[in-house]
1. Any residue that is touching a residue at least 60 places away in the same chain (Cβ under 8 Å) and either surrounded by 15 or more Cβ atoms within 10 Å (Cβ to Cβ) or of a type outside the set (A, V, I, L, M, F, W, C) (or both) - is there at least one of those in segment 14-34?
2. State all residues of segment 106-127 that are part of a loop (DSSP other than H, G, I, E, B), within 25 Å of A92 (Cα to Cα) and not aromatic (F, W, Y); if no residue qualifies, say none.
3. Kindly provide the set of residues from segment 46-96 that are under 17 Å from A138 (Cα atoms), of a type in the set (G, A, S) and surrounded by 20 or more Cβ atoms within 10 Å (Cβ to Cβ), ordered by number.
4. What pairs can you find where one residue is in segment 145-165 and over 17 Å from S100 (Cβ atoms) and outside any strand (DSSP E or B), the other is within 16 Å of ligand 1 (Cβ to nearest atom) and polar (S, T, N, Q), and their Cβ atoms are less than 7 Å apart, with a gap of 6+ or different chains?
5. Here is a check on your reading of the model: is T121 surrounded by fewer than 17 Cβ atoms within 10 Å (Cβ to Cβ) and either more than 18 Å from Y99 (Cβ to Cβ) or within 16 Å of ligand 1 (Cβ to nearest atom) (or both)?
6. Given P198, P142, which one is buried (at least 16 other Cβ atoms within 10 Å of the Cβ), more than 13 Å from ligand 1 (Cβ to nearest atom) and modelled with pLDDT under 95?
7. Does D183 qualify as being surrounded by fewer than 17 Cβ atoms within 10 Å (Cβ to Cβ), more than 15 Å from the chain's Cα centre (by Cα), of a type outside the set (S, T, N, Q) and within 11 Å of ligand 2 (Cβ to nearest atom)?
8. May I ask you to list the residues in segment 187-206 that are under 15 Å from the mean Cα position of the chain (by Cα) and either closer than 12 Å to S143 by Cα or away from ligand 2 (no atom under 12 Å from the Cβ) (or both)?
Amino acid sequence: MSQKGFTLIELLIVIGILAILSTAMVLVINPAELLRRSRDTQRLSDLSTLKTAVGYYLVNVSTPYIGGSSTNDTCVGGTTPTLWATVFGVSAGTFTSSYSTTSVSKIDGSGWVPIDFADLTGGSPIGSLPLDPSNTSATSTPSLYYTYVCNKDNLTFEMTANMESDYYEKGGTNDVESKDGGDIDTLYESGTELTIGPTSTSTNFYPGDD
Ligand SMILES: [Ca+2]
Ligand SMILES: [Ca+2]
(Lines give C-alpha, C1' and ligand atoms only; values in the text may rest on other atoms or scores of the structure.)
(Ligands and ions follow the chains in the order given, each with its own letter.)
Protein backbone atom coordinates (compact mmCIF):
# COMPACT_ATOMS: atom_id res chain seq x y z
CA MET A 1 0.00 0.00 0.00
CA SER A 2 1.49 3.35 -0.98
CA GLN A 3 1.40 6.27 1.41
CA LYS A 4 0.76 9.86 0.44
CA GLY A 5 2.06 12.75 2.57
CA PHE A 6 3.26 12.33 6.17
CA THR A 7 1.87 10.24 8.99
CA LEU A 8 1.01 11.98 12.22
CA ILE A 9 4.10 10.59 13.94
CA GLU A 10 6.35 11.89 11.15
CA LEU A 11 4.78 15.32 11.38
CA LEU A 12 5.25 15.43 15.14
CA ILE A 13 8.91 14.46 14.77
CA VAL A 14 9.48 17.18 12.16
CA ILE A 15 7.73 19.79 14.31
CA GLY A 16 9.77 18.68 17.33
CA ILE A 17 13.05 18.98 15.41
CA LEU A 18 12.09 22.43 14.13
CA ALA A 19 11.22 23.56 17.65
CA ILE A 20 14.59 22.40 18.97
CA LEU A 21 16.45 24.02 16.08
CA SER A 22 14.70 27.38 16.46
CA THR A 23 15.35 27.43 20.21
CA ALA A 24 19.00 26.65 19.55
CA MET A 25 19.20 29.44 16.99
CA VAL A 26 17.82 31.99 19.44
CA LEU A 27 20.27 30.78 22.10
CA VAL A 28 23.21 31.06 19.73
CA ILE A 29 22.24 34.34 18.09
CA ASN A 30 20.30 36.00 20.96
CA PRO A 31 19.11 39.11 19.11
CA ALA A 32 18.52 41.15 22.28
CA GLU A 33 22.07 40.59 23.49
CA LEU A 34 23.42 41.51 20.05
CA LEU A 35 21.53 44.81 20.17
CA ARG A 36 22.85 45.52 23.66
CA ARG A 37 26.36 44.70 22.48
CA SER A 38 26.05 46.97 19.48
CA ARG A 39 24.94 49.87 21.70
CA ASP A 40 27.89 49.15 24.03
CA THR A 41 30.26 49.25 21.07
CA GLN A 42 28.83 52.66 20.21
CA ARG A 43 29.39 53.81 23.81
CA LEU A 44 33.04 52.73 23.72
CA SER A 45 33.48 54.48 20.40
CA ASP A 46 31.78 57.69 21.65
CA LEU A 47 33.94 57.98 24.77
CA SER A 48 37.07 57.19 22.76
CA THR A 49 36.26 59.96 20.28
CA LEU A 50 35.58 62.41 23.12
CA LYS A 51 38.75 61.50 24.97
CA THR A 52 40.75 62.20 21.83
CA ALA A 53 38.90 65.51 21.27
CA VAL A 54 39.52 66.72 24.84
CA GLY A 55 43.18 65.72 24.60
CA TYR A 56 43.45 67.65 21.36
CA TYR A 57 41.84 70.70 22.99
CA LEU A 58 44.21 70.55 25.98
CA VAL A 59 47.37 70.61 23.89
CA ASN A 60 46.17 73.19 21.37
CA VAL A 61 44.67 75.91 23.56
CA SER A 62 46.95 78.19 25.59
CA THR A 63 44.52 78.60 28.51
CA PRO A 64 42.30 75.51 28.67
CA TYR A 65 38.96 75.57 30.48
CA ILE A 66 37.61 72.09 31.00
CA GLY A 67 34.73 72.91 33.37
CA GLY A 68 32.62 75.35 31.37
CA SER A 69 33.22 78.12 28.89
CA SER A 70 35.60 80.15 31.09
CA THR A 71 36.23 78.34 34.35
CA ASN A 72 37.84 75.36 35.99
CA ASP A 73 36.13 76.05 39.34
CA THR A 74 33.44 73.52 38.51
CA CYS A 75 36.11 70.81 38.57
CA VAL A 76 37.22 68.92 41.69
CA GLY A 77 39.63 71.28 43.48
CA GLY A 78 37.46 74.25 42.54
CA THR A 79 34.59 75.91 44.39
CA THR A 80 31.71 73.89 42.88
CA PRO A 81 32.73 70.37 41.81
CA THR A 82 30.16 69.39 39.22
CA LEU A 83 29.09 66.19 37.53
CA TRP A 84 27.71 66.72 34.04
CA ALA A 85 25.32 64.13 32.66
CA THR A 86 23.45 63.41 29.45
CA VAL A 87 20.19 62.98 31.40
CA PHE A 88 18.31 64.96 34.03
CA GLY A 89 18.31 64.10 37.71
CA VAL A 90 21.65 62.39 38.31
CA SER A 91 22.87 63.09 41.83
CA ALA A 92 26.29 61.97 42.92
CA GLY A 93 27.13 62.71 46.54
CA THR A 94 29.29 65.80 46.92
CA PHE A 95 29.01 66.75 43.25
CA THR A 96 26.58 69.33 41.96
CA SER A 97 24.60 67.74 39.15
CA SER A 98 24.38 69.54 35.84
CA TYR A 99 22.19 68.84 32.83
CA SER A 100 20.77 71.11 30.15
CA THR A 101 17.95 70.01 27.88
CA THR A 102 18.65 72.70 25.34
CA SER A 103 22.44 72.53 25.13
CA VAL A 104 23.38 68.99 26.19
CA SER A 105 25.02 68.24 22.81
CA LYS A 106 26.64 71.62 22.22
CA ILE A 107 30.39 71.98 21.79
CA ASP A 108 30.59 75.61 22.99
CA GLY A 109 31.15 74.86 26.68
CA SER A 110 27.48 74.54 27.58
CA GLY A 111 27.16 70.84 26.74
CA TRP A 112 27.64 67.77 28.93
CA VAL A 113 31.35 67.87 28.10
CA PRO A 114 31.68 71.52 29.19
CA ILE A 115 34.51 72.51 26.89
CA ASP A 116 34.45 75.23 24.24
CA PHE A 117 35.84 73.24 21.34
CA ALA A 118 35.07 76.15 19.03
CA ASP A 119 37.97 77.92 20.76
CA LEU A 120 40.41 75.81 18.77
CA THR A 121 42.20 77.69 16.03
CA GLY A 122 41.55 74.99 13.46
CA GLY A 123 37.94 74.56 14.54
CA SER A 124 36.32 71.86 16.63
CA PRO A 125 37.32 68.24 15.95
CA ILE A 126 33.69 67.25 16.60
CA GLY A 127 30.41 68.77 15.41
CA SER A 128 28.30 67.83 18.42
CA LEU A 129 28.59 65.83 21.62
CA PRO A 130 27.32 62.24 21.31
CA LEU A 131 24.65 61.06 23.75
CA ASP A 132 24.23 57.55 25.08
CA PRO A 133 22.40 55.42 22.43
CA SER A 134 19.66 54.69 25.00
CA ASN A 135 20.08 57.69 27.32
CA THR A 136 17.51 56.43 29.81
CA SER A 137 16.42 58.30 32.92
CA ALA A 138 18.78 58.49 35.87
CA THR A 139 16.60 56.26 38.01
CA SER A 140 15.59 53.59 35.49
CA THR A 141 17.11 50.11 35.49
CA PRO A 142 19.48 49.86 33.85
CA SER A 143 20.46 53.52 33.85
CA LEU A 144 22.16 54.27 30.56
CA TYR A 145 23.77 57.69 30.23
CA TYR A 146 27.16 59.40 30.06
CA THR A 147 28.81 61.56 32.73
CA TYR A 148 31.80 63.90 32.90
CA VAL A 149 33.88 65.30 35.77
CA CYS A 150 37.21 67.17 35.83
CA ASN A 151 40.11 67.94 38.15
CA LYS A 152 41.16 71.60 38.34
CA ASP A 153 44.69 71.03 39.66
CA ASN A 154 45.75 68.43 37.11
CA LEU A 155 43.54 69.55 34.22
CA THR A 156 42.41 65.95 33.98
CA PHE A 157 38.96 64.52 33.28
CA GLU A 158 36.91 61.37 33.57
CA MET A 159 33.85 60.15 31.68
CA THR A 160 31.60 57.18 32.40
CA ALA A 161 29.26 54.95 30.44
CA ASN A 162 27.27 51.96 31.62
CA MET A 163 27.68 48.71 29.68
CA GLU A 164 24.47 46.68 29.30
CA SER A 165 25.55 43.57 27.34
CA ASP A 166 26.74 40.37 28.99
CA TYR A 167 29.73 40.59 26.68
CA TYR A 168 31.11 43.96 27.89
CA GLU A 169 29.75 43.98 31.44
CA LYS A 170 31.73 43.09 34.53
CA GLY A 171 32.51 39.37 34.35
CA GLY A 172 31.75 39.18 30.61
CA THR A 173 33.96 37.77 27.84
CA ASN A 174 35.22 41.25 27.02
CA ASP A 175 34.69 42.89 30.43
CA VAL A 176 35.60 46.56 30.02
CA GLU A 177 33.87 47.75 33.21
CA SER A 178 36.19 46.24 35.80
CA LYS A 179 39.36 46.30 33.69
CA ASP A 180 39.56 49.98 32.74
CA GLY A 181 41.83 51.04 35.62
CA GLY A 182 39.09 53.10 37.29
CA ASP A 183 37.66 52.79 40.80
CA ILE A 184 34.13 51.62 39.93
CA ASP A 185 34.08 48.06 38.63
CA THR A 186 30.47 48.21 37.38
CA LEU A 187 30.95 51.18 35.04
CA TYR A 188 33.18 51.89 32.09
CA GLU A 189 35.47 54.81 32.96
CA SER A 190 37.50 56.71 30.39
CA GLY A 191 39.72 59.77 30.53
CA THR A 192 43.09 60.95 31.86
CA GLU A 193 42.42 60.40 35.59
CA LEU A 194 39.92 57.71 36.48
CA THR A 195 39.46 58.44 40.18
CA ILE A 196 37.95 61.94 40.02
CA GLY A 197 34.25 61.08 40.08
CA PRO A 198 32.04 59.41 42.69
CA THR A 199 33.62 56.25 44.04
CA SER A 200 30.46 54.21 44.33
CA THR A 201 27.29 53.65 42.37
CA SER A 202 25.09 54.58 45.32
CA THR A 203 23.19 57.84 46.03
CA ASN A 204 21.39 57.83 42.70
CA PHE A 205 24.58 57.59 40.66
CA TYR A 206 23.82 54.53 38.52
CA PRO A 207 21.74 53.02 41.36
CA GLY A 208 21.83 49.26 41.65
CA ASP A 209 23.99 48.84 38.60
CA ASP A 210 25.99 45.77 37.63
CA1 LIG B 1 26.92 47.78 33.62
CA1 LIG C 1 35.48 50.74 35.82
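The values are calculated or read from the model by the stated rules, or taken from the named source; none is laboratory data. As the structure is a prediction and not an experimental result, all values here were calculated from the model. For neighbour counting, all protein chains shown are included, and Cβ atoms are generated from backbone atoms with ideal geometry for every residue, glycine included.
1. Yes, some residue in segment 14-34 is touching a residue at least 60 places away in the same chain (Cβ under 8 Å) and either surrounded by 15 or more Cβ atoms within 10 Å (Cβ to Cβ) or of a type outside the set (A, V, I, L, M, F, W, C) (or both).
2. Correct list: K106, I107, G109, S110, G111, V113, P114, I115.
3. Of everything in segment 46-96, those that are under 17 Å from A138 (Cα atoms), of a type in the set (G, A, S) and surrounded by 20 or more Cβ atoms within 10 Å (Cβ to Cβ) turn out to be A85, A92.
4. N162/S143
5. yes
6. Result of the check over P198, P142: P198.
7. For D183, the condition - surrounded by fewer than 17 Cβ atoms within 10 Å (Cβ to Cβ), more than 15 Å from the chain's Cα centre (by Cα), of a type outside the set (S, T, N, Q) and within 11 Å of ligand 2 (Cβ to nearest atom) - is met.
8. L187, T201, F205, Y206
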